[in-house]
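Here is the structure we will look at.
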Amino acid sequence: MMKDGMTIGDAAKASGVNAKLIRYYESIGLIPEAGRTASGYRVYSDRDVNVLRFVKRGRTLGFGIERIQKLVGLWQDRSRCSSEVKRIALQHIDELEAKIAELQAMRDTLHELADACHGDERPDCPILKDLAS
């Protein structure tokens, strides 16, 4: 711990976000640029670490950077309407459900192809035939 805050390594440990990602998040404006010591080292506050944890959790839930930026803004805005947060979450849920349906359809197709394949020494293979079509 430094006198005025923590180093990027300390912030990375405290937030669970690696230093490279922290620098990237700063470069795209997702988190504010860190303060600097007289010798030029980045310095992070507890508040910065809380934002990093928030971002990490959002990424864990599959939110994209743009949505996380909106959510961080809403989180920090005490006069926010929770309806906007809910709208963003429900939109994300709809997209996740569409992806899940797409993955299930892929799985079902591959199951059908695998079931149709004899899996023996013969060269005939419905899986390869389907991929080539």
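Annotations
- Taking every residue in the range 13-33 that is within 11 Å of I65 (Cβ to Cβ) and among the aromatic types (F, W, Y) and pairing it with any residue that is modelled with pLDDT under 95 and open to solvent by less than 20 Å² (accessible area, probe 1.4 Å), at least 6 positions away or on another chain, the pairs with Cβ-Cβ distances below 6 Å are Y25/I31.
Let's see how each residue does on (1) within 20 Å of the chain's Cα centre (by Cα); (2) part of a helix (DSSP H, G or I); (3) under 29 Å from A12 (Cα atoms):
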| position | (1), (2), (3) |
| --- | --- |
| V49 | yes, yes, yes |
| R59 | yes, yes, yes |
| F63 | yes, no, yes |
| E66 | yes, yes, yes |
| Q69 | yes, yes, yes |
| Q91 | yes, yes, no |
| D94 | yes, yes, no |
| I100 | yes, yes, no |
| H111 | no, yes, no |
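- Candidates R42, R36, R47, R67, filtered to the one that is among the basic types (K, R), open to solvent by less than 80 Å² (accessible area, probe 1.4 Å) and under 23 Å from G5 (Cβ atoms): R42
- Within the set L113, L74, the sole residue that is surrounded by 13 or more Cβ atoms within 10 Å (Cβ to Cβ) and in contact with a Lys or Arg (Cβ under 6 Å, 6 or more places away or on another chain) turns out to be L74.
- In a residue-by-residue description of the range 19-30, the property of being in contact with a Ser or Thr (Cβ under 6 Å, 6 or more places away or on another chain), among the charged types (D, E, K, R) and closer than 29 Å to I93 by Cα applies to no position.
The values are calculated or read from the model by the stated rules, or taken from the named source; none is laboratory data. Everything numeric in this text was worked out from a predicted model, so none of it was measured. FYI the Cβ positions are ideal-geometry reconstructions off the backbone, even for glycines, and counts take in every protein chain you see. Calculation scope for accessible area: heavy atoms of the full protein, side chains included, ligands and nucleic acids excluded. Shrake-Rupley method; radii C 1.70, N 1.55, O 1.52, S 1.80 Å.
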